[in-house]
Every structure is written in C-alpha cells, then in structure tokens.
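Q: Before anything else, here's the structure in question.
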Amino acid sequence: MIPSKTFRILFITTMLSALVALSTTVASAQSAKLEGVINGRNGSEVMLKTADGQTVVVLLTDSTDVGQVQGAFKARNKKMSMGALIPGLPIQVEGTYNAQNQMVASKIRFKGNDFEQAQAIQAGMHETKVLNQQQQAELEKQNAALAAQNAELQKQQAALTEQQKQIEANKAAIAANTARFGQLDDYYIWDAVTVYFGNGQTKVDPKYIPQLTALAEKAKSVNGYMIEVKGYASTSGSVALNQKLSDQRAQNATNILLQQAHVPLTRMLAPGAMGESHPVEKGSKEQSEAESRRVVVRVLQNKAIAGIQ
C-alpha cells in the first residue's frame, strides 16, 4: 500500500505534467507560420496577401523580431527595423492568432534581394504618385480655366440672348410702325406727322406745333433716329411757284423742329422741296389740292442701325 504522503506527491506531479502538456498543446495549436506579400501598412498593422489570395492582418509588437536573411544558405540574420516592412515585400511570419483572427507576429523574415526589389517598387510608386499629383494639379488648373471659360461663355450667351430679345422687340415695333407708316428703301419709318397749308401759304399753323414737338420727343427713344422733312404743293399755279412754296413750307417746319422742339441739327436730313410731285388724289379736285399742300415729317431709323437684315 502506497503511503498517503507519497500518493499526494505522485498526484501533484501527474497534474503538473498534464498541465504542462496541455499548455504545450494549446500553444502549439495557436502557433502558425505564414508567407505572403505585404500589400498595405497602417502603423502596427501589416496587411499580408497570402499565396491563396487571402489577406491576413499581421500585428507588430515591441517584441516582434524583424530580420533579413543573408548568406548563400540563408543561415544568417541581420536585425532590421520594422520600417523595413514596406508594401511589395515578400515575408515569412511566425506568430499566434488572437481572438480577432489576426496574427500577432513574433518573428518576421525576408530576403535581401526581395527587400531591394520592394524598395525599387516603392521608389517607382513614389515617382508615379508625384507625377499623378502633378498631373492632378495640372488637371485641376485646366478645369478651373475651363470653368472660367464656361462662365464667360454663359455670360456672353446671356448677353446674346438679351440682344436677341431686343432685336425681336425692335422687329415687333418696326412691324407695327411699318404697318402704320410703311418703309423706305434704307429706312424704317417709326412715326410721321403731316402738316397742311392753305393755298399759297407757307407758314405753319400753330395747331401743328404740339404735334411736331411730340414727334421730336418720341424720336429720342429710337436708336440712331433721323428726321426727314418733305414739302409739297398742289398743281394749282405755275410749276416754279409751287416748287418755291414746297421749299418754304419744308424750311418753316424744319425751323420749328430745330428751334422749338430742339432737335439736334445732326439728326435732321436736308429738307426736301418736292414741288408738285406726288399729288394726293382723293375725292374732289378741291379736296385733292388741299391735301397736296402739305409737309410730311417722318422719324426714320436706318435698317443697318436697327440690326435687322
């Protein structure tokens, strides 16, 4: 029979051996090795892409042993800083997985020539990044210039649209006035006043003065306006006398426009003495002659100035 003290010692020894074995089994179950290429780095986290295409997060700690294998048989290790773990570098990792299925690295190894290639790739990527930044800056500059050009084009288009609206309004006004007064070869007629005279008379009846001044005032609203004055006479009497009468009538009406309506001389066309030409044929002979003794005052606008072809 085994003494109780000896039994207790054996029991404790057995339990310790079992715990050690269990601990070794658990540690062995969690320990792992990985090989892959670094495709990203964020501080202590290294994104490792394995041969089967999976991405595993490798965690670096202060105790992670990073080294570069050297020698013909890769038997020597050169201690390296964690800064050497750059994207594009193939590495071998030993460590254990944590609860988040991330590998906590205890040892990382890589080859010297792999490191040099990764550095070359990084340098190329840096140059590409700088070039891309320059291209992006140039593109943004060009986009800004295009935006400014588009803004200017929109401004010009708005001005053209407004000008077109003005032209359309001008067309409508001209059409309305043309329907009322007609048009000449080179001019649109905006408005007109006819002054009548007694037989042999050349003085303008005062009742027409308000009409002439109102016409002059209206002319100011017409861009590039001109005022035309033409005097006429009836066929009664000699041709020479009627020519003189038509001239005096046109001159008197022109003087009223210049002196009382204050029309600038630069806006006046030369008064025209039309004599017996263009007689009015209306009703009786007396009525026709009465309406032929006249001065016609017109507000004109040159078609080119109107901007309408």
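Q: Might you check whether a residue that is touching a strand residue (DSSP E or B) at 6+ places or on another chain (Cβ under 8 Å), in the same structural domain as Ser221 (by TED's automatic domain parsing), modelled with pLDDT of 80 or more and within 30 Å of Glu286 (Cβ to Cβ) occurs anywhere in segment 177-188?
A: The answer is no, given that none of the residues of segment 177-188 is touching a strand residue (DSSP E or B) at 6+ places or on another chain (Cβ under 8 Å), in the same structural domain as Ser221 (by TED's automatic domain parsing), modelled with pLDDT of 80 or more and within 30 Å of Glu286 (Cβ to Cβ).
Q: Condition check: surrounded by fewer than 19 Cβ atoms within 10 Å (Cβ to Cβ), in the same structural domain as Gly200 (by TED's automatic domain parsing), within 16 Å of Thr202 (Cα to Cα) and out of contact with any Pro (no Cβ under 7 Å at 6 or more places or on another chain). Does Gly283 satisfy that?
A: Values: surrounded by fewer than 19 Cβ atoms within 10 Å (Cβ to Cβ): yes; in the same structural domain as Gly200 (by TED's automatic domain parsing): yes; within 16 Å of Thr202 (Cα to Cα): no; out of contact with any Pro (no Cβ under 7 Å at 6 or more places or on another chain): yes.
No.
Q: Any idea how many residues of segment 112-143 are charged (D, E, K, R) and either at pLDDT below 70 or within 22 Å of Gln54 (Cα to Cα) (or both)? Write out each step before concluding.
A: Here is the first cut: in segment 112-143, the residues charged (D, E, K, R) are 114, 116, 127, 129, 138, 140-141.
If we keep only those that are either at pLDDT below 70 or within 22 Å of Gln54 (Cα to Cα) (or both) too, we end up with 114, 127, 129.
Of the residues in segment 112-143, 3 are charged (D, E, K, R) and either at pLDDT below 70 or within 22 Å of Gln54 (Cα to Cα) (or both).
Q: Of the conditions (1) among the charged types (D, E, K, R); (2) under 18 Å from Gln119 (Cα atoms); (3) at pLDDT 90 or above, Asp62 fails just one. Which one is it?
A: The one condition Asp62 does not meet is (2).
Q: Can you find, within segment 65-83, the residue that is modelled with the lowest pLDDT among those that are of a type in the set (Lys, Arg) and not in a loop (DSSP other than H, G, I, E, B)?
A: Step one: of segment 65-83, the residues of a type in the set (Lys, Arg) are 74, 76, 78-79.
In the following step, the residues that additionally are not in a loop (DSSP other than H, G, I, E, B) were identified as 76, 78-79.
Working: Arg76: 67, Lys78: 80, Lys79: 86.
Step by step, filter segment 65-83, then rank; the result is Arg76.
Q: Still on this model: Any residue in segment 90-102 that's over 27 Å from Asn113 (Cα atoms): show its pairings with residues that are surrounded by fewer than 16 Cβ atoms within 10 Å (Cβ to Cβ) and of a type in the set (D, E, K, R) at Cβ separation under 9 Å, as long as the two are six or more apart or on different chains.
A: Gln102/Glu45
The values are calculated or read from the model by the stated rules, or taken from the named source; none is laboratory data. All figures in this text were calculated on a predicted structure; none of them were measured in a lab. Counting neighbours? That spans all protein chains shown, and the Cβs are built from the backbone with ideal geometry, glycine included.
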